[in-house]
Structures are given as C-alpha cells and as structure tokens.
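Every number here is computed from the coordinates shown, using simple stated rules; none is lab data. From a predicted model like this one, the values you see are computed outputs, not experimental measurements. Every residue, glycine among them, receives a Cβ derived from its backbone with ideal geometry; neighbour counts consider all protein chains shown.
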Number of protein chains: 4
Amino acid sequence: MGDPRIVTVRPEAGSYAWTFGGAAPVARVRPGDVLDVFTEDCFAGRVRSAKDLVSQVCEFPYLNPQTGPFHVEGAEPGDTLAVHFVSIEPARDWAASTTVPLFGALTSTHTTATLQPPLPEVVWMWELDRERRTCAFTTRDGGMRLELPMDPMHGTVGVAPANLEVRSALVPDAHGGNMDTPEMRVGTTCYLGVNVEGALLSLGDGHARQGEGETCGVAVECAMNTVVVVELLKGVATPWPRLESDTHIISTGSARPLEDAFRIAQLDMVRWLQRDYGLEELDAYQFLTQAGEAPLANVCDTNYTAVAKIRKDWLPPGTPHRGLHRQLRDAAAAFAR
Amino acid sequence: MGDPRIVTVRPEAGSYAWTFGGAAPVARVRPGDVLDVFTEDCFAGRVRSAKDLVSQVCEFPYLNPQTGPFHVEGAEPGDTLAVHFVSIEPARDWAASTTVPLFGALTSTHTTATLQPPLPEVVWMWELDRERRTCAFTTRDGGMRLELPMDPMHGTVGVAPANLEVRSALVPDAHGGNMDTPEMRVGTTCYLGVNVEGALLSLGDGHARQGEGETCGVAVECAMNTVVVVELLKGVATPWPRLESDTHIISTGSARPLEDAFRIAQLDMVRWLQRDYGLEELDAYQFLTQAGEAPLANVCDTNYTAVAKIRKDWLPPGTPHRGLHRQLRDAAAAFAR
Amino acid sequence: MGDPRIVTVRPEAGSYAWTFGGAAPVARVRPGDVLDVFTEDCFAGRVRSAKDLVSQVCEFPYLNPQTGPFHVEGAEPGDTLAVHFVSIEPARDWAASTTVPLFGALTSTHTTATLQPPLPEVVWMWELDRERRTCAFTTRDGGMRLELPMDPMHGTVGVAPANLEVRSALVPDAHGGNMDTPEMRVGTTCYLGVNVEGALLSLGDGHARQGEGETCGVAVECAMNTVVVVELLKGVATPWPRLESDTHIISTGSARPLEDAFRIAQLDMVRWLQRDYGLEELDAYQFLTQAGEAPLANVCDTNYTAVAKIRKDWLPPGTPHRGLHRQLRDAAAAFAR
Amino acid sequence: MGDPRIVTVRPEAGSYAWTFGGAAPVARVRPGDVLDVFTEDCFAGRVRSAKDLVSQVCEFPYLNPQTGPFHVEGAEPGDTLAVHFVSIEPARDWAASTTVPLFGALTSTHTTATLQPPLPEVVWMWELDRERRTCAFTTRDGGMRLELPMDPMHGTVGVAPANLEVRSALVPDAHGGNMDTPEMRVGTTCYLGVNVEGALLSLGDGHARQGEGETCGVAVECAMNTVVVVELLKGVATPWPRLESDTHIISTGSARPLEDAFRIAQLDMVRWLQRDYGLEELDAYQFLTQAGEAPLANVCDTNYTAVAKIRKDWLPPGTPHRGLHRQLRDAAAAFAR
C-alpha cells in the first residue's frame, strides 16, 4: 500500500453546501484518501465583532456552511462510511458565540412557542490562543475575563439522508449532520450509514470548544483547518451515527423529546454490545445500565442529540467495526510523521 | 369573470411525487384554477387484501404518493396559497388500514426505541358504501362487523418547504404535508405559506375517515377523486398551515413533543385573533383559553400535529384572510351547479 | 328502594381540603347517597376584581380548595367509585380568570424553565348570566365585550391516591384530581379507582366554562352549587379515570410529555372496548383509530390531561360498567322531579 | 468546638419510611451532627437470588425503604440543609439488579403506554469485592463474567416536599428523593431546600455503582453503611437540589420530558453562577454553554433527572454556599482520623 492520496479543499465563498443531500459533489474521493479541508464557521464568517448580530448580518437559510459534499467511490446504501479526525485546528485567532432570538435551551423557540419576547441578542467574541490551547472571553461589562481550555471539534458531520430527503445543515438526524457533540474531536472515528451512492460526506461547524448540551445554542464558533481520513466498511449497516476513540465506544441518537434521543442511543449501544462483543440482549442492557456514560450533546437543535458511551477497558473482548478505528489511528500516525 | 379553468390530473404509476420539494411540477396552474385530480392511497395501491402486509408489498421509501406538484403562477415566498376542497370522493368501493411494525401511537417506534418486539402486522379491509356514506370492517375472527360514517378527507396537503429542504411525504411540518387532520374535508379552505416560487402544491393520502390522533398510525386509506380550487393571497404570510370552514377557524402545529405542536397551534391562533379580529394579545390568550377546541390530528407521524379551533359564531366581527374562504365557497357552489 | 339520602355540605372557610389524601373526612356517605355541596373557586374566593392579582392575594399552597373528602362506606382498594353529576350551578353572578406568572401553556414555567421574564399578570372578571346561560368579559381596553355560552363543569374531582402519597389539589394523575376536562359536566358519570378504604372523594374547581387545553392555565373560575350521586362498583378496577355520558364513553390520561397522556387514554380505551364491548385487542386498536375523538383537557397543569372519546351509537352492543351510568341517570331524573 | 455528636440508626424491619413527608421522625438531630446509618436496598432486601423476581417477592408500594426521617433542629422553610457524604460502604458482599415489568428506559411503561407485552423479568446477582473495590456479574448463560469498578452512591436523598404533599420514595422532584445520580458519592455535599419545620431528611437506595441514565431502571442495588454530616444554612433558599464536590459544582433538575429536567438544572446553574460567582445573567448563560458538563442521572423514574456540572478550577473566584462544603470536608477528615 502506497501513500494515501491527499485531497485538499479550500472552498470559495459561493461553493459551500447548506444541506445534506441535494448538493453536487465538490470532489470524488476513494476509501483511504486523506481530506485536508477548510471549514467556515456557522455564521459563514459574518459575525466578526460584538456588533454583528446574527439577525442582522446573516442571511437565512444560509447558515452553517458545509465543506463538501465528497462522493466516496464505491459507497452504496447499506455500507458504512468511516471518518477519522486526524487534526482540527482553528484557522483564526478568534471565535464568536451569540444568543439568537428564539433559539437555545433557556428560551422559548419557534416550536416551544410562547407569548414571551425573545432574550436580548448578544455577541461574545472569544480570543483563541493556539499556542497555550486556550480560549477566553471578557464579560459584557468588561469586568471579568473567563478562560477555558481549547478542545476543538466539529459540530456537523454527515452524509446525504435516506428517504429521498434533503435536510438543512442545521438538522441532526440518522444521517449525522448537526449533532453538536464534543466527542467529535481529534483521534475519533465517526461511522455513518450510507444512504445514497457515493455517500456524499460533508463537514463543518467547527467549535474551539463546547459544553455538553450547547445550552445557549451556539458554541465557540470558528473556522477550522481539518484533516480526516475516509474509509468504507462494505456491507456493514449503521442506523445511527457511532463514534470510536482510543478509550470509548460511543452511540448517538437525535430526536425530540430528549428521552427519545436517549432511547435511540442506548438501544444502539445494546445492539453494538450484541454484535461486536457477543453479549446477549438483556445482559447487554444490564451491562450498559451500570457501565454507561450519558453526556448530552445538544438540547437546542431541530432534534436534540444524546450520547451513550462505554469505556473500552471495561468491555469484554471484541473488535468493533472490524478493527477499522485502530487502522485509521495508525494510518493517521504514519501520515503525521 | 369567466368560468374557471379546470386542470385534470390522473397520474400514471411512475409520476407521483414522494416528497415535498425536490420534484418537478406536473402542471402549471393559475390562481382561480380548479384542480380535478386522482390521488392514490398511501400504500401506492399495493395493499389490496388482508394478506398484503406493508412490510412485504410496499417498497420504502415509496409510500404516500402525492399528486403534484403544481406550480402556481405568481406564487412567491411570503405569499399564502389557498386550497379549497370542493369534493373528495373515494375512487374505489374499498379501503385498507393496517398496523405497521414500529409505527403508531401504542407501540414503541424507531425513535421511541425499546427492546420489545413489534406488534403483529395486520391488515383490515374496509368496505365503502358510497351511497349510504358508510365504511365498515369485519373483526379478525369474523365475529363482528363495525360500521362508521364515511367522512372523506386528505391526510396530506402541502407545498415545498423552506430552508432549501426536501421532506418525505410522510412528514408534517410548517409546509403542511402529512398533517393527518380530519378537518381537511370538503368545504374547508387550507392556507399554506409559500416558500419557493410557484409554491409547488401536492396532495394525497385520502382517508374515507380517520379518528383524531390516528392512533394506530393508519387511517381508512383509499384512493380519491378530488376537486380543489386554488387561490393566492399576495403579501400575506402564513407561518403554519391554517384551515377555515363555514363554521370554524382552525390553526395547526406540527412538532414533538406533542405539547410543542399544541403550543404552535395555540400561539398561531392568538396571532390570528390579533390580526383578523382586532384582539390585543393577552385578551386573545384569554378568549382562546375559554373558547377553543383542541382536537388532536395525529400522534404517530414524524411530527405530531395538533389543532386549535374556534367557532366563527363566537368570534368578534372580522374578516379572516380577506374573505377568501367565502369567495371560494361561492365559486365552488357555482362550479358545482 | 327508598329515597336517597341527601348529604349537604357548605364548608366554612377553614374546612376545605388542599390535597387528595392526607385530609380527614368531612362526612361519611353510603353508596346511593346524594351530595349537595358548595365548592369555592380555585382562588379560594380571593380574586374578586381586576386588581386582585393571584401573586398578591392568594397564599400558596392554599389554592384550589376541595370540598371533602367524603368517606364512602364499603369502598376498598380495587373497587370503583362512580360520581354522577346531577347539577352544577354557578353560585355567584361573576367569575374570574387570570394569567399567573410562569404558569400556562404559552409561557415558560418553573419546569419548562427559561431566562425570559414572566408574562404580565392580568385578571379578567367575567359576568355570568345564569338565566341566559352565558358568560362574558370585556377586553382590557374596554373596547370589546366577548360572550360565550355557559357550560359549567368541575376541573377537579378525585380520590386519595395510591402508593401512600398525598398530592396537591393542583395535580391530575391516576387518582383523578385536577384533570380540567370540559367533559366533567352535568349528565356525566365519573369513574375513579379506589386506592384507600373509604375512597376519600373530593371535588372543587368549578368552571363556568373552559376551552380544551385550558391554554392560559386558568378557566372561567367560579364557586358552584353542585349535586352528585355517589355509587360504588365492587370488585371493578379502574386504573385511570373514566367518564360516561348519554352519548359517549370517555377515557383519560394525565402525564408528561403530552403524548404519554394521549397514550394512557388511548390504551385505556382499547382495554375498555375489550372488556365491555367484546372486541379483541387489535380490532379495538383499529376501531379506536378510526372512530375516536381526542380533545385535550389541560396542557398547563403538573401533568397534562388527554381525553379519548367514542360515540356510543357507533359502538357494538355492550354494557359499560354494569349499566351504572343509566341507573344513575334515572336516579338523578327521579330525584330532580 | 467539641467533637460532633454521632447519631447511629440501624432501622428494624418495620421502621423504614416509604415516602418523603408523612412519616414521623425517627430521631432529632442538630446541625453538625454525624449520622451513622444503615440503609436497606431498594427491594427491601427481598431480592437475594436470581429466582427472586420483583413482581413476586416485593410488596408494592413497599419499595425503596428510606432510613429516616431525621428532624433537624432549627431547620425552617427557606433554609438549606447540607448533607455531606463521609462514607458509603456496601453492607453485604452481594448486590442485585433486575428488570421490572413496564419499568425502565428501553421498554414501554405505565405512562409511555403501548400494547406490547413487557420485557422478560430477569435478576442479575452481583458479587461485590470490597477489598478490590469491584463488582461483577455473570451473564445469564454463564459464559462471561463482567467486572466494573465499585463506585458507591445513594440513589435517594431528600427532605419532606412542599405544597403539603407526601411523595413516594420512588419519585425525584424539587425535594430531592429518588434522583439516582452517580454524583451522590463520598466526598460530595448535597444541598436541599427545606420545606417544613425540621426538614425531615431521609436517605436510602444505595448503589454499588450505576451508569448515567440508569437505563434498565435498576442499579447495582445494595444495603449500605453510610456516614453523613448534616448542616444547616439559615436563610439560604435552594429551589432544586445542588451538589458540590472538591472538583465540581453540580445542579440538578427532575421533570418530564427530559428536556425540562435539563432546563431546570441549567437555569439553576445560571442562577448559581450569578449568586456565588458574580456573573451577570447572559454572561453566565454563555459561560455555562461552553464550560458545562451534562451527564444524565436517571431516565426511568417518575421524573427524569438531569445534572449540570462545572469544574471548579474553571470558575471565576467565588465561595459557593458560604464555604460550607470545605468546612464539612475538613470536619469529615477530622472525624475520620
């Protein structure tokens, strides 16, 4: 096996995708290829100061631009696409977060509809220190500077959906999309079920960091330079997105109400324990009940996203997804040298 | 004003739409035109006997075929399309209902995910007596015949969605779609906000009748011969589908959890009372609280649909939607002569 | 059989119950007894003008006073108490409705918690015309008078709960309580499962009328003079409150999210169709799906309440609850003469 | 200050509490007292082998026995009770977990009601190795032994509820109760708002360990020997239970649907950041959005419980709850010597 092919994409202003499905591929790639891409922030780069209110500077529905889609050769419905994150690096030394009227967990919204007026629209500009790996903002009255570790991730990774649908890049669902889980960080492999020929992978929505639940609806949003390796598992179905790191196996579910997102992720984990670790259904249910972690991803998007995690060192022997994560990890290490 | 133009569409097998948005128009119509259409049942006509299980005879995602879409000349985003139902007549003397595995309100589903096996898959064939206006089925053991009044309606009426999306015909949302409300019967005008040029109206999913909530997920499904008049309200926005009959004004909301569908419909009714009946916001809230009816539409689809209704004879003076319903009612009467 | 015994209760200020369970009986009654009672309004009579804001004049948790509890002789866990409403008459010529901060369907609440400030607190005084059977309020700016038919009902009817619990009179659950359904009107029989010896029936929360869903959280609240007949069905369990009128059988469910309230009521109706009408489970599911009405009761209380109804003239032959409703109807007619 | 008083309680079979509120105190304690208690497991010790099915050996509603209640002298409504966990040690070398019919997250339940039969009822017996600090069970076919670290905690800690209510020990709500969060471990201080004179603290439901969400509804249930220190914060209100460890501040919320539990916990954390760390409301919202952890506690009980956490070393300077946690930590250390 020779060196992997590197596909570099730095989209121009007019060439982002705003949906999963329904957009023409920007490139054709082969399993094993490395994608070296730039992703714009969720505001399409238009929020650059505390004065840039989303409702004024952004143009709906042109939010959450995606880099892609990439047509993956050989990918067919019933297969699984694997996307391994080799690096995710903020492309600028600043990021932005905001409140958006009638969006977020601690406000009424267009669907949790009330007669109350929206919360004030506020922008927080964050400084990113890429050397020290920190991000910080100053409170609105200037009185306090709050600093947190940088922990870069992608809020949005997905493929074209099933059922002939085209979904906004703001939506998380079975095709992935805007799941907004902090688990989507460097060193992680994301598994996505393929629904259409070529899979049509896109990614975007970089976050310098994000809390679990993404409470106000907006993370520390920034443009990213990101490298991923793409692989294909032929004949393996993945009904809901899964992630795998060196330390954990991770199922996701996206739905409303939030308990349904939880149920999807938990049931998927039971099925994973059955398939790759040989546990019988009810034993898997018992093991998950006592061993599982259940951090929330987002409680603000069109669907809410829940995560089910188990530490690998607590699992019985097994080889998830035919050992693909380890292979990709090794390939990434070789590539990094 | 001359006679309305009548546009007749009897789709061939390959020419139904399976989505809202994303399908090419089958015809261009003008405001005021009459559409005389055939709609196939939600099973694409494949369930014809008690042996025809949906999981065996239907081909996913080719469910809930829509007749259309119709490009309405002059329709632009921000306008409202009005669809007045002149007649809805079963096209056959039978209809079908079924359970579908992991679909319906009294079963776990793909999102309300549990470890329990699905309910048995059963088909009930209904006899339609179009003279007596009844429909009836015989219990599975043959011991009882249950007869109900026929009350024909369309489960699915909608336009292309906003946000660049394409949605399955099984989904109800702000664009209308699979709302499954028994209110969508003859004599009713349905108002839909236009999201794309030409609106792209489709309809289908005829029901000989349906209970409120559509509990098992499937109504008395039948092919229909349906006549509607299409009109356009320029410059009037309609965020969520509204209906109007001679006796009621009706708001709808589609979301999960069900209380959000309720909230959307109720808030929409408050706004309607403000705009067309001159009530101040909190007075409208009070009036709706005491005067409103809140029958459920469906509690089984991708989104649940709730309805808010008020009797017209309880309302203060006002002219909803510029009096369009009355005009369409009169036009339909003239046309029927 | 002789004349029924009439038990008259006009509570003094300090002798209302504020809970279901946990209160000492005010009287012992026998099956067949007639209760002729006064019930105070939900504000304990303290809201008497537009200036009487709930947050100022009411003393939490002393809201929703109940007349009772009544110890019903012979009632044991596993039995069913039947309460037939002979008359419900407003005791005053006025009633009140209000907004209450962080309470209602179109506002955030203490559990649907947001950062938004509450809606303004407003009182609407309603005039009751007991001759013309109407109720009316004037809009806040005095510009409009809105009149609706009177349709008196009790928002709260219940027994002591199971599981050793004592619940606030503001809560609806399996023991009944604050269900806030407009179906609880004259001519209706309410069936409640008995959880403790003596059942401990209470009632209150009279409404001159109420819309379905009780959107703002507060109906047209008034004191009532009410007459009910109490009966007992020995050895018949009733897991969730049921109602029966001359025209309908009616199941209820109270839970959150709202779809669970719907599920409970619908499943209860399936079981009712099985037990009293001889339908097999899946046939009952099918019949309910096509024949059922599903008006909401409340979408504002601690639990939301949904209703499942079927018209009696559509049902197969059957005798619900051993024919008790008809007996009570006849007894009430005899008593009224 | 002298040595703390140690109050030792080893309840006899008939002297557990089954509710919060409504039970007579077993002891009166003073702020600063140490409680050295035995708590029975949630099955009241009746599940002792794989043959002991809950539906057969347990007697409803006598589940989840609580040790207490303790009347805390000086505690009044509006105060906050602090309970610091000094040690939580399994009292036996075994524990049990089970499925319970129509209870748990991956099954329909009495409220998420469906027509499906319940899952099989199964008991798993766990071996506790108190030296190695592990717990383990063998799969049902005997083929695999699964071992996890012990991480003892209390599922249930609470005080008498507000609003004159008495709640089953199975319910989590604003009074605490059956929150089932793994955060309730040694070294943690739990803050509970006082609703009645004396607070009436109880605790029970020991778990050798539990996953987040408690998916099947039942943790690794075991009797515990537990030591806590009790303190009182006069004049400090705590609307929803809070926890504090050496590393985190932790808010909780208990409600349905699950997003409401999330909202309560998140809003409580915003208020905490405002009160004890000087952040303005929207800055606190922003900080929490990026810094918060949101692990679920239970998604199976009468209310679901969500947790909001922030690492103390990321917080701005501040002294939560007047520094009480540190004092109790030090007192516990002194006591342990």
* Asked: Averaged over B:121-128, how many beta carbons belonging to a partner chain fall within 10 Å of each residue's beta carbon?
  -> 2
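Hey, fewest Cβ within 10 Å first, where do B:300, C:58 land in order? Before the final figure, lay out each step's value.
Numbers: B:300 24, C:58 18.
Taking fewest neighbouring Cβ atoms as first place, the list is C:58, B:300.
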* Structure fact -> Quick calc, residue A:10 & residue D:28: beta-carbon distance into FRET formula, R0 60 Å, rounding 0.05, result 0.25
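Regarding the range B:75-143, what's the average projected area of the Cα-atom convex hull, expressed in nm²?
Numbers: hull surface 36.4 nm².
Projected over every direction and averaged, the Cα hull of the range B:75-143 covers 9.1 nm².
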* Structure fact -> Taking every C-alpha to C-alpha distance in the range C:6-336 and binning by 10 Å from 0, the per-bin percentages run 6, 27, 36, 23, 8, 1
* Asked: If you average 1/r over all unlike Cα pairs in the range C:192-237 and invert the result, what Kirkwood radius do you get in angstrom?
  -> 13.5 Å
* To do: Identify the residue of chain C whose Cβ lies closest to the rotation axis that maps chain C onto chain A, and give that distance in whole Å.
  => C:116, 2
* Taking the Cα-to-Cβ direction at residue B:247 and at residue B:141 and moving 7 Å from each Cα, how far apart do the two end points lie in nm? -> 3.8 nm
* Note down the magnitude of the dipole of chain C about its Cα centre, charges +1 on Lys and Arg C-beta and -1 on Asp and Glu C-beta and zero elsewhere, to the nearest 20 debye. => 340 debye
* Two-site FRET efficiency, residue C:38 against residue C:334, from Cβ-Cβ distance with R₀ of 25 Å, rounded to 0.05 -> 0.60
* Structure fact -> Inter-copy distances for residue C:276, label 7 Å out on the Cα-Cβ vector, sorted ascending, nm, one decimal, are 3.9, 5.3, 5.5
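For every other residue with a beta carbon closer than 15 angstrom to the beta carbon of residue C:312, add +1 if it is Lys or Arg and -1 if Asp or Glu, then tell me the sum. Don't skip to the answer; put the middle values down first.
Numbers: positive: C:242, C:309, C:311, C:326, C:329; negative: B:147, C:183, C:244, C:246, C:276, C:293, C:313.
Charge balance in the 15 Å sphere: -2.
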* **Modelled FRET efficiency - R0 41 Å, residue A:311 with residue A:134, Cβ distances, 0.05 increments** => 0.90
* Structure fact -> Simple SL model, points at 7 angstrom along Cα→Cβ for residue D:110 and residue C:237; separation in nm is 1.0 nm
* Over the protein assembly as shown: helical MRE at 222 nm, DSSP H runs n ≥ 4 each giving -39500 (n - 2.57), nearest 500 -> -4500 deg cm²/dmol
* Mind listing the label-point distances from residue C:312 to the same position on all other copies, shortest first, one decimal in nm, points 7 Å along Cα→Cβ? => 3.3, 6.8, 6.8
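Peptide D:273-282: average number of partner chain Cβ atoms within 10 Å per residue? All intermediate terms of the calculation are to be shown ahead of the outcome.
Working: counts 0, 0, 0, 0, 2, 3, 5, 5, 5, 9.
Mean shielding count: 3.
Rule-of-thumb check for the range A:154-285: C-alpha Rg over 2.2 N^0.38 Å? Write out the running numbers ahead of the final one.
Working: Rg = 14.9 Å, N = 132, 2.2 N^0.38 = 14.1 Å.
Rg over 2.2 N^0.38 Å, computed on Cα atoms: 1.06.
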* Asked: Hey, how many Å between the Cα centroid of the range A:156-203 and the Cα centroid of the range B:31-64?
  -> 30 Å
* Asked: Dipole magnitude of the protein assembly as shown about its Cα centre, charges +1 at Lys/Arg Cβ and -1 at Asp/Glu Cβ only, in debye to the nearest 20?
  -> 0 debye
* Between the range A:225-261 and the range D:101-129, the alpha-carbon center distance in angstrom -> 27 Å
* To do: Can you spot the lysines whose alpha carbon is less than 29 Å from residue D:51's alpha carbon? Ignore those fewer than 8 places along the same chain.
  => none
* So which trypsin sites (Lys or Arg not before Pro) in the range A:1-69 are both in a DSSP loop and have at most 15 other Cβ atoms within 10 Å of their Cβ? -> A:5, A:48, A:51
* Asked: Across the residues of A:136-143, average count of Cβ atoms on other protein chains within 10 Å?
  -> 3
* What are the distances, in nm and sorted shortest first, from the label point of residue C:50 to the label points of the same position in each other copy, with each label point placed 7 Å from Cα along the Cα-to-Cβ direction? -> 4.3, 6.5, 7.4
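Suppose we flag GluC sites (Glu not before Pro) only when DSSP calls them loop and at most 12 other Cβ atoms lie within 10 Å. Which is the longest uninterrupted stretch of chain C?
Details: sites that count: C:12, C:59, C:131.
Longest stretch, sites excluded: C:132-337.
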* Structure fact -> Rounded to one decimal in nm, the spacing of the 7 Å Cα→Cβ label points at residue D:49 and residue A:127 is 6.9 nm
* Largest to smallest principal axis extent of the C-alpha atoms in the range D:100-187, angstrom -> 51, 45, 15
* Asked: So how long is each side of the protein assembly as shown along the principal axes, counting just the alpha-carbon atoms, biggest first, in Å?
  -> 83, 74, 63
